[in-house]
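First up is the structure itself, then whatever we jot down about it.
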Amino acid sequence: MSGRRQIATACGIAAPIVSVSAILLSILVAPPETFTWQGRTLSDMGRYGAPTFALFNGGLIVSGLLGVPFVWRLWLTSRNSVERLGVVLVTIAVVGMIGVGVFFLDHTVVYLDRSVHGVAAVTVFAAAPVASWVYGSGAALAGDGRVAVASFWLGNVHPLAWFIWLLTENDTANWVAVPEFVAAVALAVWIISLALTIRRRDDSEPDGPNR
């Protein structure tokens with residue numbers, strides 16, 4: 001059982017690396033008609049027919065699937081009901097990430113008559129910061145100041161990025177990819193920090209993980 005938990009913890013490190021790597025690689029290889037920072041969203045790289053279609057959407061789906069065992073591990077290590085509520089919100093964000101990849105832009109050309117891509121994207125961007133704040137609150141109640149502070153501040157990065165974008169951009173159709181990317185990196189850093197924290201806890205236990 002401990003082996004399964006160690007693998008699940010490792011998934012918490014791998015999942016964010018996969019998602020951010022897929023986004024960065026897509027940015028690097030995407031032609032200007034597919035993606036520009038000023039005129040496109042990140043999801044445009046996953047639009048049906050785009051050269052980066054498989055790379056972008058595949059990366060998000062694989063990352064989300066890797067996130068599933070990690071949220072199970074995170075649930076097992078939760079110390080109170082507030083942390084567990086935070087884990088539920090992380091799960092919602094993970095499902096939303098998978099949804100962004102599955103329900104890519106223009107997926108109605110392939111299946112479904114109604115696009116649900118926007119719902120999936122909003123789910124990720126809305127659930128992620130709230131998950132950070134709620135889980136951080138639970139960590140604070142558990143007396144874990146390091147996790148609490150990291151969770152609060154990484155959660156704050158999301159709305160701050162969107163707020164700065166709204167203040168500095170008159171046309172909200174421009175530069176949307178910038179706050180999207182900042183939010184994606186903030187979520188990735190937070191998840192990795194949680195996974196590393198769980199790994200340190202396990203390593204500090206003489207008999208291995210017991211939860």
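Where a number appears in this text, it was derived from the coordinates with a stated rule and is not lab data. Bear in mind the structure is a predicted one, so any value in this text is a computation, not a measurement. Here the Cβ is made from the backbone with ideal geometry for all residues, glycine too, and neighbour counts use every protein chain on show.
Ranked highest first by the average count of other Cβ atoms within 10 Å around their residues, in what order do 11-19, 80-88 fall? Write out the running numbers ahead of the final one.
On the way: 11-19: 21.8, 80-88: 18.1.
So the peptides 11-19, 80-88, ranked by packing, come out 11-19, 80-88.
Just to be sure I understand: if I project the alpha-carbon convex hull of region 1-155 onto a plane and average over all orientations, what area do I get in nm²? Could you put the intermediate results ahead of the total?
Working: hull surface 40.6 nm².
Dividing the Cα hull surface by four gives the mean projection, 10.1 nm².
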In whole Å, what are the Cα extents of region 1-90 along the three principal axes, biggest one first? 48, 27, 18
Would you mind checking the tilt of helix 177-204 against the longest principal axis of the Cα atoms of the chain, expressed as 0 to 90 degrees and rounded to 10? 20 degrees
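Write down, largest first, the equivalent ellipsoid semi-axes of region 69-211 in whole Å, where each equals the square root of 5 times an eigenvalue of the alpha-carbon gyration tensor.
Details: eigenvalues 194, 75, 26 Å².
Largest first, region 69-211 gives 31, 19, 11 Å.
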Which residues' amide hydrogens lie under 5 Å from the amide hydrogen of residue 39, considering only partners 5 or more residues apart or on another chain, with H built in the peptide plane? 175
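Once the convex hull of the alpha carbons of region 119-190 is built, what does its volume come to per residue, in cubic angstrom? Could you put the intermediate results ahead of the total?
Values: hull volume 5.5 nm³, N = 72.
Expressed per residue, the convex hull around the Cα atoms of region 119-190 is 76 Å³.
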Of the listed peptides 102-109, 69-76, what is their order by residue-averaged count of other C-beta atoms within 10 Å, with the highest listed first? 69-76, 102-109
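So for region 91-131, what are the equivalent ellipsoid semi-axes in whole Å, largest first, each being the square root of 5 times an eigenvalue of the Cα gyration tensor? Intermediate results must be reported in sequence, preceding the final value.
Values: eigenvalues 90, 13, 7 Å².
For region 91-131, the ellipsoid semi-axes come out as 21, 8, 6 Å.
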Summing -39500 (n - 2.57) over every DSSP H run of at least 4 in the chain, dividing by its residue total and rounding to the nearest 500, the 222 nm mean residue ellipticity is -25500 deg cm²/dmol
HN-Hα J couplings of region 21-36 from phi, Karplus 6.51/-1.76/1.60, θ = phi - 60°, integer Hz, Gly and Pro as x? 5, 5, 5, 5, 5, 4, 4, 5, 9, 5, x, x, 6, 9, 8, 9
Packing-ranked peptide list from 176-186, 140-150, highest mean Cβ count within 10 angstrom first, is 176-186, 140-150
Kindly write out, for region 77-89 in residue order, the coupling ³J(HN,Hα) from the Karplus curve 6.51 cos²θ - 1.76 cosθ + 1.60 (θ = phi - 60°), rounded to whole Hz, with x marking Gly and Pro. 8, 5, 9, 7, 5, 5, 4, 5, 4, x, 5, 4, 5
May I ask you to evaluate 6.51 cos²θ - 1.76 cosθ + 1.60, the Karplus curve with θ = phi - 60°, for each residue of region 142-157 and list the ³J(HN,Hα) values in order in whole Hz, giving x for glycine and proline? 7, x, 9, x, 5, 5, 4, 5, 4, 5, 4, 6, 5, x, 5, 4
